[in-house]
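K.L.:
Okay, handing you the structure first.
The values are calculated or read from the model by the stated rules, or taken from the named source; none is laboratory data. Keep in mind the model is a prediction, meaning the values are calculated, not measured. Don't worry about glycine lacking a Cβ; one is built from the backbone with ideal geometry, like all the others, and counts go over all protein chains shown.
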């Protein structure tokens with residue numbers, strides 16, 4: 001049976017991040033994508049021009065409609081915008097017992113636009129993170145969640161420990177903002193695992209975090225153990241960045257379809 005993956009996130013009118021990137025990713029990973037839209041945005045490769053949050057009760061109704069009928073093998077959250085939305089989402093996740101939850105704590109867009117209110121940040125820490133199977137902060141998000149600057153590998157490990165105390169089963173601190181190779185740190189409460197790939201010189205990285213977390217949720221929903229799912233999601237996003245699309249005048253989007261091209265190439269070699 002095809003695996004069912006729910007993304008709870010904002011819409012990106014430019015198609016490079018948010019719900020649009022998530023559904024592309026879930027689809028090319030051979031799973032069935034569903035959505036609960038938390039906010040509408042007017043945005044493109046240059047930045048975010050406007051945000052229109054969806055009323056929290058309607059976000060909850062979208063989730064109820066999907067989960068009461070179709071169900072979900074895994075889910076991910078992205079941009080949640082307001083504390084009311086965070087609370088509504090958390091309540092529905094508990095109600096429908098969604099266990100494989102990836103929380104991408106989206107706070108600021110690549111162009112620097114604030115995507116999460118201060119009160120919503122507190123709600124994510126207090127209410128949503130205890131429900132998470134994996135939380136996937138980048139370095140600025142990790143700094144916000146743990147309360148101290150995260151700029152090197154040792155600080156990433158310290159941040160992972162601090163964030164783990166907030167309740168998630170796994171913490172994956174992503175090191176994409178550091179110089180050198182792209183290093184991510186996974187912490188399960190006892191042990192660390194390091195995932196490292198060479199850094200790619202491609203400016204078309206819009207939607208990186210969304211694409212990665214959607215891939216991770218999909219692989220978890222397909223039954224992979226967490227470290228294997230992280231490894232697979234990292235390979236997925238590395239390929240998506242390597243073939244990033246030169247669209248627009250700013251940061252173009254990553255390319256989830258690179259996974260399909262990779263699979264076709266492997267089949268041709270066979």
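K.L.:
Enumerate the pairs (first residue in region 187-214 and surrounded by fewer than 20 Cβ atoms within 10 Å (Cβ to Cβ); second residue anywhere and in a loop (DSSP other than H, G, I, E, B)) with beta-carbon separation below 7 Å, excluding pairs fewer than 6 apart on the same chain, so at least 6 apart or on different chains.
P.N.:
Listed pairs, sorted by first residue: 196/181; 197/181; 198/181; 199/180; 199/181; 202/244; 203/251.
K.L.:
Being within 18 Å of residue 255 (Cα to Cα), assigned to a strand (DSSP E or B) and at pLDDT 95 or above, is that true of even one residue in region 70-84?
P.N.:
Checking region 70-84: not a single residue is within 18 Å of residue 255 (Cα to Cα), assigned to a strand (DSSP E or B) and at pLDDT 95 or above.
K.L.:
Kindly evaluate residue 143 against the criterion of being surrounded by fewer than 22 Cβ atoms within 10 Å (Cβ to Cβ) and outside any helix (DSSP H, G or I).
P.N.:
no
Condition check ((1) out of contact with any strand residue (DSSP E or B) (no Cβ under 9 Å at 6 or more places or on another chain); (2) modelled with pLDDT under 95; (3) assigned to a strand (DSSP E or B); (4) crowded, with 19+ Cβ neighbours inside 10 Å) across all residues:
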{"site": "97", "(1), (2), (3), (4)": "yes, no, no, no"}
{"site": "112", "(1), (2), (3), (4)": "no, yes, no, no"}
{"site": "120", "(1), (2), (3), (4)": "no, yes, no, yes"}
{"site": "128", "(1), (2), (3), (4)": "no, no, no, yes"}
{"site": "156", "(1), (2), (3), (4)": "no, no, no, yes"}
{"site": "161", "(1), (2), (3), (4)": "no, no, no, no"}
{"site": "168", "(1), (2), (3), (4)": "no, no, no, yes"}
{"site": "179", "(1), (2), (3), (4)": "yes, yes, no, no"}
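K.L.:
Which condition from (1) touching a residue at least 12 places away in the same chain (Cβ under 8 Å); (2) surrounded by fewer than 24 Cβ atoms within 10 Å (Cβ to Cβ); (3) under 26 Å from residue 122 (Cβ atoms); (4) more than 15 Å from the chain's Cα centre (by Cα) is the one that residue 63 breaks?
P.N.:
It is condition (2) that residue 63 fails.
K.L.:
Looking at residue 39, is it in a strand (DSSP E or B), over 19 Å from residue 4 (Cα atoms) and at pLDDT 95 or above?
P.N.:
It is true that residue 39 is in a strand (DSSP E or B), over 19 Å from residue 4 (Cα atoms) and at pLDDT 95 or above.
K.L.:
Right, something else. Name the single residue, out of those in region 222-254 being at pLDDT 95 or above and in a loop (DSSP other than H, G, I, E, B), that is surrounded by the most Cβ atoms within 10 Å (Cβ to Cβ).
P.N.:
222
K.L.:
Quick one: which of 173, 183 is within 18 Å of the chain's Cα centre (by Cα), part of a strand (DSSP E or B), without any contact (Cβ under 8 Å) to a residue 60 or more places away in the chain and closer than 23 Å to residue 18 by Cβ?
P.N.:
173
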